[in-house]
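A.B. asks: One structure follows; several queries about it will come next.
The values are calculated or read from the model by the stated rules, or taken from the named source; none is laboratory data. Here the structure is a predicted model, which is why all the values come from computation and not from measurement. Cβ atoms come from the backbone with ideal geometry, glycine included; neighbour counts cover every protein chain shown. Heavy atoms of the whole protein, side chains included, go into the accessibility calculation; ligands, DNA and RNA do not. Shrake-Rupley method; radii C 1.70, N 1.55, O 1.52, S 1.80 Å.
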Amino acid sequence: MGQNAHLAELSKAGVSVWLDDLSRDRIESGNLAELVATRSVVGVTTNPTIFAGAMSKGHAYDAQIRELAGRGADVTDAVKVLTTDDVRAACDVLAPQFQSSAGVDGRVSIEVDPRLAHETDDTIAQAVGLWKIVDRPNLLIKIPGTKAGLPAIAKAIGEGISVNVTLIFSVDRHREVIDAYLTGLETAKAAGHDLSTIFSVASFFVSRVDTEIDARLEKIGTPEALELRGKAGVSNARLAYAAYQEVFEGSARWAALAEAGANVQRPLWASTGVKNPDYPDTLYVTELVAANTVNTMPEKTIEAVADHGEIAGDTIVGTAAASQQVFDRLAAVGVDLADVFQVLEDEGVDKFEKSWSELLEALDGELSANRG
């Protein structure tokens with residue numbers, strides 16, 4: 001059984017298909033390997049919500065939790081062991097894709113503790129720690145693109161650690177993330193690191209932008225406002241790609257780093273599961289096709305694309321002016337865009353913090369029960 005035609009077409013157009021999910025069941029059942037073999041999957045992203053979901057289902061973690069309880073591990077150590085073991089195993093499943101793409105793909109992402117989103121130094125320390133524990137060259141450390149995250153991103157890149165910058169909602173913040181990446185590369189270069197071994201993606205969230213802006217448009221309620229529903233998420237991502245092109249296809253600063261062997265920081269489309277049933281379920285895939293991008297999808301979205309995703313080549317390049325018009329119109333009807341992006345970032349951090357706390361609480365209960 002070969003690759004699905006629609007997903008193969010997406011890959012051919014320059015979009016790397018990554019799975020936005022991971023669990024021990026997926027690894028041990030061979031499901032992850034099967035998605036690689038039949039669905040063009042060449043990467044995996046995780047986050048605290050995904051781990052919380054994985055550990056709340058089934059019994060795949062029971063034996064290891066018993067063993068950790070038996071040796072007196074506390075909840076912080078236990079969660080680190082369980083999550084890094086899963087990520088390491090997924091890195092090994094994707095090692096062939098890592099090799100064949102010269103390090104571009106075959107990547108698995110793990111997030112620093114979301115409670116550190118506003119703590120620069122602690123984020124750096126944990127990024128270094130996770131990099132050492134997983135000990136796989138195809139790992140990406142996820143660091144939030146918050147204000148406190150920016151210097152941590154630069155520092156981690158400067159130390160030769162590959163980074164997936166997460167929770168980016170606005171084009172302005174995306175520009176700051178690109179700047180942090182370049183600063184990190186310049187530091188790495190000065191320290192004698194081989195720049196060709198450092199990789200990064202910038203995870204730009206899509207569907208949540210539509211969810212937040214659509215709600216505001218419905219509240220405004222005018223025909224002009226209602227007509228803009230479902231347009232912001234794609235337009236925002238397309239403007240982010242224009243910002244990427246501006247730097248990585250035309251700046252002197254980038255040219256000097258590229259000459260030293262540096263890799264571009266690819267835009268990654270995250271939050272690509274469609275939340276509004278009125279919109280096509282492949283909207284955030286078919287409308288965001290361009291070279292040097294990643295689309296990390298929940299399995300449901302991967303299957304929707306496999307079934308009926310019409311991939312018609314690049315759907316981003318040349319759309320910046322029209323996308324900017326959408327944002328000009330949003331501002332004109334009264335959407336406070338600065339507030340939208342701040343709300344989304346705060347909610348994003350809170351959501352991951354809540355998932356992490358729930359995971360720690362549940363795991364603590366299981367450890368206690370097994371010590372009993």
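A.B. asks: Given the criteria of a type in the set (Phe, Trp, Tyr) and over 17 Å from the mean Cα position of the chain (by Cα), does residue 327 qualify?
C.D. replies: The answer is yes for residue 327.
A.B. asks: Take residue 163 and tell me if it is farther than 27 Å from residue 94 by Cβ and either open to solvent by less than 10 Å² (accessible area, probe 1.4 Å) or not charged (D, E, K, R) (or both).
C.D. replies: On the way: farther than 27 Å from residue 94 by Cβ: no; either open to solvent by less than 10 Å² (accessible area, probe 1.4 Å) or not charged (D, E, K, R) (or both): yes.
When the stated conditions are applied, residue 163 does not pass them.
A.B. asks: Is it the case that residue 119 is in contact with a Gly (Cβ under 9 Å, 6 or more places away or on another chain) and either among the aromatic types (Phe, Trp, Tyr) or open to solvent by 20 Å² or more (accessible area, probe 1.4 Å) (or both)? I'd like the intermediate steps shown before the answer.
C.D. replies: On the way: in contact with a Gly (Cβ under 9 Å, 6 or more places away or on another chain): no; either among the aromatic types (Phe, Trp, Tyr) or open to solvent by 20 Å² or more (accessible area, probe 1.4 Å) (or both): yes.
Taking the combined requirement at face value, the residue does not satisfy it.
A.B. asks: So, in segment 76-114, exactly how many residues are open to solvent by 30 Å² or more (accessible area, probe 1.4 Å) and under 23 Å from residue 52 (Cα atoms)?
C.D. replies: Of the residues in segment 76-114, 9 are open to solvent by 30 Å² or more (accessible area, probe 1.4 Å) and under 23 Å from residue 52 (Cα atoms).
A.B. asks: Sticking with this structure for a sec: Condition first: part of a helix (DSSP H, G or I) and not charged (D, E, K, R). Now tell me which residues in segment 182-194 satisfy that.
C.D. replies: Residues of segment 182-194 that are part of a helix (DSSP H, G or I), as a first pass: 182-190.
182, 183, 184, 185, 187, 188, 190, listed by residue number.
A.B. asks: Still on this structure, I have one more. Considering 177, 134, 206, 165, which residue is farther than 24 Å from residue 240 by Cβ and in contact with a helix residue (DSSP H, G or I) (Cβ under 8 Å, 6 or more places away or on another chain)?
C.D. replies: Numbers: 177 fails: farther than 24 Å from residue 240 by Cβ; 206 fails: farther than 24 Å from residue 240 by Cβ; 165 fails: farther than 24 Å from residue 240 by Cβ.
Among 177, 134, 206, 165, only 134 is farther than 24 Å from residue 240 by Cβ and in contact with a helix residue (DSSP H, G or I) (Cβ under 8 Å, 6 or more places away or on another chain).
A.B. asks: Which residues, counting only those in segment 122-161, are outside any helix (DSSP H, G or I), in contact (Cβ under 8 Å) with a residue 40 or more places away in the chain and farther than 26 Å from residue 343 by Cβ? Reasoning before the result, please.
C.D. replies: So the first thing to find is which residues in segment 122-161 are outside any helix (DSSP H, G or I), and the list is 135-148, 159-161.
Then drop every residue that is not in contact (Cβ under 8 Å) with a residue 40 or more places away in the chain, which leaves 135-140, 142, 144-146.
135, 136, 137, 138, 139, 140 - these are the residues of segment 122-161 that are outside any helix (DSSP H, G or I), in contact (Cβ under 8 Å) with a residue 40 or more places away in the chain and farther than 26 Å from residue 343 by Cβ.
A.B. asks: Also, quick follow-up: Just the residues that are touching a Ser or Thr at 6+ places or on another chain (Cβ under 9 Å) and of a type in the set (Lys, Arg), please, taken from segment 317-359.
C.D. replies: Scanning segment 317-359 gives 351, 354.
A.B. asks: Tell me which residues, restricted to segment 67-101, are farther than 22 Å from residue 34 by Cα and in a loop (DSSP other than H, G, I, E, B). Spell out the reasoning first.
C.D. replies: Keep residues of segment 67-101 that are farther than 22 Å from residue 34 by Cα, which gives 67-82.
Scanning segment 67-101 gives 71, 72, 73, 74.
A.B. asks: Taking residue 179 and the conditions (1) crowded, with 23+ Cβ neighbours inside 10 Å; (2) under 19 Å from the mean Cα position of the chain (by Cα); (3) more than 15 Å from residue 167 (Cα to Cα), which numbered condition does it fall short on, given that it satisfies the others?
C.D. replies: Of everything listed in (1) crowded, with 23+ Cβ neighbours inside 10 Å; (2) under 19 Å from the mean Cα position of the chain (by Cα); (3) more than 15 Å from residue 167 (Cα to Cα), residue 179 misses just condition (1).
A.B. asks: Inside segment 315-355, can you point out the residues that are charged (D, E, K, R) and open to solvent by less than 80 Å² (accessible area, probe 1.4 Å)? Lay out the reasoning, then the answer.
C.D. replies: Pass one, segment 315-355, residues charged (D, E, K, R): 328-329, 336, 339, 345-347, 350-351, 353-354.
Within segment 315-355, 339, 345, 346, 353 meet the criteria.
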